[in-house]
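K.L.:
Quick one: the structure is below, and I'll ask about it shortly.
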Amino acid sequence: MRTAPRVGLVLFDFDGVLARYSRAVRLRALAEAAGCSTLQASAALLESGLERAYDSGTLDTPAYLARLGDGLGAPIDATTWIDARVAATQADAGAIVMVQTLAARMPIGVVTNNGPLIRQAIPRIVPTLFPMLEGRVLCSGALGVRKPQRAIFERALAHFGAKAHETLFLDDLFVNVRGARAAGLHADTVVDARSMRKVLRRYGLG
């Protein structure tokens, strides 16, 4: 029987692992705040490439919000953005309980493909994971690189002072899991609380 590897840090993706995100709900919230259509909101945020640029770190928050407001036809501040993101994101209760239990025994963190504003939204979405996640939420927009690129995992390891072969990464997208494995991390696909439980047990963490 194969022995489970020693894991000293578990990193979680956010959307699709710790929470369920509805792009449609977010677009409706932004459209309502700006007084425009959801089609216009989608064009301004997504089709324009604005969201990806922010998530990749090529735009800072003030420039991003200014361009978003221009596209929506009304000013959008950080509070409005965060409110829309929170409204569109629902914590996975079962997954959160498991993460709370795990965090009582070992370090955890989050690595997500999102812009820096997400760090202000996440405490409102999963409040029971704070303060244990304080300073431990890493987003691609701040790191300047997106999953599945190797560099994002290397920068995450450097931030946490962790070794790749002692770190487990969980994501709902296999392309990101494959990227983490290429960087030397243990990694697996998780899409709900049930699959998270199975993976954690496999690594002796359940």
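The values are calculated or read from the model by the stated rules, or taken from the named source; none is laboratory data. It should be emphasised that the depicted structure is a prediction, and the values quoted were computed from it without experimental measurement. No Cβ is skipped: glycine too gets one built from the backbone with ideal geometry, and neighbour counts run over all protein chains shown.
K.L.:
Every residue in segment 62-91 that is crowded, with 16+ Cβ neighbours inside 10 Å and either over 21 Å from the mean Cα position of the chain (by Cα) or of a type in the set (S, T, N, Q) (or both), please.
P.N.:
Within segment 62-91, Arg67, Gly69, Gly71, Leu72, Ile76, Thr80, Thr89 qualify.
K.L.:
I want to confirm something. Restricting to segment 141-199 and keeping residues that are under 30 Å from Pro62 (Cα atoms) and among the aromatic types (Phe, Trp, Tyr), which single residue is nearest to the chain's Cα centre (by Cα)?
P.N.:
Looking at the filtered set, the residue picked out is Phe153.
K.L.:
Let me ask another. Can you tell me which of Leu50, Leu30, Leu39 is out of contact with any strand residue (DSSP E or B) (no Cβ under 9 Å at 6 or more places or on another chain), at pLDDT 95 or above and either exposed (fewer than 15 other Cβ atoms within 10 Å of the Cβ) or in the same structural domain as Arg155 (by TED's automatic domain parsing) (or both)? Steps first, answer last, please.
P.N.:
Numbers: Leu50 fails: either exposed (fewer than 15 other Cβ atoms within 10 Å of the Cβ) or in the same structural domain as Arg155 (by TED's automatic domain parsing) (or both); Leu30 fails: either exposed (fewer than 15 other Cβ atoms within 10 Å of the Cβ) or in the same structural domain as Arg155 (by TED's automatic domain parsing) (or both).
Answer to the selection: Leu39.
K.L.:
Report yes if some residue within segment 96-103 is surrounded by 14 or more Cβ atoms within 10 Å (Cβ to Cβ), assigned to a loop (DSSP other than H, G, I, E, B) and in contact (Cβ under 8 Å) with a residue 60 or more places away in the chain; otherwise report no.
P.N.:
Filtering segment 96-103 for residues surrounded by 14 or more Cβ atoms within 10 Å (Cβ to Cβ) gives 96, 98-100, 102-103.
Still in the running and assigned to a loop (DSSP other than H, G, I, E, B): none.
No, that holds for no residue.
K.L.:
Continuing with the same structure: Quick check on Val25: is it in contact (Cβ under 8 Å) with a residue 40 or more places away in the chain and either under 17 Å from the mean Cα position of the chain (by Cα) or at positive phi (or both)? It would help to see each step written out before you state the result.
P.N.:
Details: in contact (Cβ under 8 Å) with a residue 40 or more places away in the chain: yes; either under 17 Å from the mean Cα position of the chain (by Cα) or at positive phi (or both): no.
It is false that Val25 is in contact (Cβ under 8 Å) with a residue 40 or more places away in the chain and either under 17 Å from the mean Cα position of the chain (by Cα) or at positive phi (or both).
K.L.:
Can you tell me which residue is nearest to Phe12 (Cα to Cα) among those in segment 166-198 that are of a type in the set (Gly, Ala, Ser) and touching a helix residue (DSSP H, G or I) at 6+ places or on another chain (Cβ under 9 Å)?
P.N.:
First, the residues of segment 166-198 that are of a type in the set (Gly, Ala, Ser): 179-180, 182-184, 187, 193, 195.
Still in the list and also touching a helix residue (DSSP H, G or I) at 6+ places or on another chain (Cβ under 9 Å): 179-180, 182-184, 187, 193.
Details: Gly179: 14, Ala180: 12, Ala182: 17, Ala183: 16, Gly184: 16, Ala187: 10, Ala193: 12 Å.
Selected residue: Ala187.
K.L.:
For segment 106-131, what are the residues that are assigned to a loop (DSSP other than H, G, I, E, B) and free of Cβ contacts under 8 Å to residues at least 40 places away in the same chain?
P.N.:
Of the residues in segment 106-131, the ones assigned to a loop (DSSP other than H, G, I, E, B) are 106-107, 113-117, 126, 130-131.
Hits for segment 106-131 are Phe130, Pro131.
K.L.:
Out of the residues in segment 58-95 meeting the condition of being of a type in the set (Asp, Glu) and part of a helix (DSSP H, G or I), tell me which one is farthest from Ala24 (Cα to Cα). Explain how you work it out, then say what you get.
P.N.:
Just the residues of segment 58-95 that are of a type in the set (Asp, Glu), to begin with: 60, 70, 77, 83, 92.
Next, only the ones that are part of a helix (DSSP H, G or I) stay: 70, 83.
On the way: Asp70: 20, Asp83: 14 Å.
Among those residues, the one meeting the criterion is Asp70.
K.L.:
Does Arg105 fit the bill of being closer than 26 Å to Leu30 by Cβ and among the charged types (D, E, K, R)? So that I can check it myself, show each step before the final result.
P.N.:
Numbers: closer than 26 Å to Leu30 by Cβ: no; among the charged types (D, E, K, R): yes.
No; evaluated as a whole, the condition is false for this residue.
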